[in-house]
Amino acid sequence: MESADWALPGNVVLRLGEELEAGPGVTEQVLRNLGAAPAPFRVREMRPLPDFPAGERAITVDQTHRSVVVGEKVIVKWFPRPSEGPHPGLEMLTHLASTGFTRTAEPYAAIFCGAALAGLATAYLPGARDGWEWCAEQAAAGRTAFAAEIGALAADLHLAMATPSEVVPEPVRLMPATDGWAERAGRALDEALALTTDETDGRWLADHVADLRRELAPLQVAGETQVMRVHGDLHVGQILEWEGGFSLIDFDGNPTVPDASPYQPAARDLAQLVISVENAGQVAIKRRGADPQAVSAWVWGAREGLENAYTRRLEEAGRGDLLDRSLLRPFEAEQLCRELIYAGRFLERWRYAPMGVLRTWF
């Protein structure tokens, strides 16, 4: 992609070179000048922006993108390496809005450079707390009531995603038996082994490869099942706790599988979510001094509450067919491999969480 500059008031510039650069003051000025985007930048406005006061602040939690809050009213997610082609996050926000799903931030505008999505502006949720913060807090305190709430939320998301719209007229399909998932999971395990370069963790992982392969084995005999448009990267970090309850964010897919089909079993999302709860338990141990045995008991209770609420909500809606439970455990094992891949590619210090979970498994 060619480099491009958008000169803005206040002597600030939105610059796209090898990476997108949006320094201090840029995000606020972009929002105030959406109607004046110079080529090759362009803006697709979806809803009018609210009035917002001056000022911006960056979100500092670990992310593969950069988010900036403007005037405590709007949040803009900047993509460091904008790519051309389909934009699943933007498409899914539009689809969810058309099906009446309101448990996500209201979208305002998409900012493109040419055909590449560079930024997405949505409503900022007052008092929002990142899922890794609130969930680790719940783990340290031994509270599990939240689990039923987010289980029902995940089911409501899937019910909305399974509802046809003009954006996604055929959201659910029947997929014949395939070994593609087994191959994908096997590659994830191999890459996790290659990227876990720490001597202690690498040796432990190598010693338990046979255990992991057994967990993945059911994918080799997976039969015909329903696939649908899913979130793709559903973890507690994508669930904000705010004044209005829980809301979902970031529909851009799993950063470790950029070429994955948007049509996946619902079990893929559910597996990612329950593994993230286990990871949050490891965060509570490392960062909040929680007792490992108490966290193990918490994980069991939280998982049970989440899965029961999820399946109950689907069954109440007459869509229990969306979940193939035989895929859940192998997808969980694959997700732990993907957590190690994420640590190896993007954030090495995160490795302690999936390794901690794996040590409770075997």
- Quick one: L96 ticks every box in (1) in contact (Cβ under 8 Å) with a residue 40 or more places away in the chain; (2) out of contact with any Lys or Arg (no Cβ under 9 Å at 6 or more places or on another chain) bar one, so which box is it? (2)
- Message: Restricting to region 75-91, name every residue that is crowded, with 22+ Cβ neighbours inside 10 Å and either farther than 18 Å from A116 by Cβ or among the polar types (S, T, N, Q) (or both).
- Response: I75
- Query: Which of the strands (runs of 3 or more DSSP E) contained wholly in region 1-96 include at least 1 residues that are out of contact with any Ser or Thr (no Cβ under 8 Å at 6 or more places or on another chain) and over 30 Å from V257 (Cβ atoms)?
  - Reply: 4-8, 12-16, 41-45, 56-58
- Item | Restricting region 351-362 to residues that are part of a helix (DSSP H, G or I) and open to solvent by 30 Å² or more (accessible area, probe 1.4 Å), the residue that is farthest from Q282 (Cα to Cα) | W361
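Residue-by-condition table, conditions (1) under 21 Å from L125 (Cβ atoms); (2) outside any helix (DSSP H, G or I); (3) open to solvent by less than 30 Å² (accessible area, probe 1.4 Å):
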site: D233; (1), (2), (3): yes, yes, yes
site: S247; (1), (2), (3): yes, yes, yes
site: F251; (1), (2), (3): yes, yes, yes
site: P255; (1), (2), (3): no, yes, no
site: R268; (1), (2), (3): no, no, yes
site: A284; (1), (2), (3): no, no, yes
site: R287; (1), (2), (3): no, no, no
site: A302; (1), (2), (3): no, no, yes
- Task: Only residues that are in contact (Cβ under 8 Å) with a residue 24 or more places away in the chain, in a helix (DSSP H, G or I), over 24 Å from E183 (Cβ atoms) and of a type in the set (D, E, K, R): list them for region 313-338, please.
- Result: R313, D321
- Task: Would you check if R229 is basic (K, R) and crowded, with 18+ Cβ neighbours inside 10 Å?
- Result: yes
- Of all residues in region 108-150 being among the hydroxyl-bearing types (S, T, Y) and over 17 Å from the mean Cα position of the chain (by Cα), the one that is most open to solvent (accessible area, probe 1.4 Å): T144
- Message: Please go through region 151-203 and give me each residue that is of a type in the set (A, V, I, L, M), within 23 Å of the chain's Cα centre (by Cα) and closer than 30 Å to A97 by Cβ, ordered by number.
- Response: A152, L153, A154, A155, L157, L159, A160, M161, A162, V167, V168, V172
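The values are calculated or read from the model by the stated rules, or taken from the named source; none is laboratory data. Remember, it's a predicted structure, so these values are computed and weren't measured experimentally. No Cβ is skipped: glycine too gets one built from the backbone with ideal geometry, and neighbour counts run over all protein chains shown. Ligands, DNA and RNA are stripped out before the accessible areas are found, and what is left, the full protein with its side chains, is counted by its heavy atoms. Shrake-Rupley method; radii C 1.70, N 1.55, O 1.52, S 1.80 Å.
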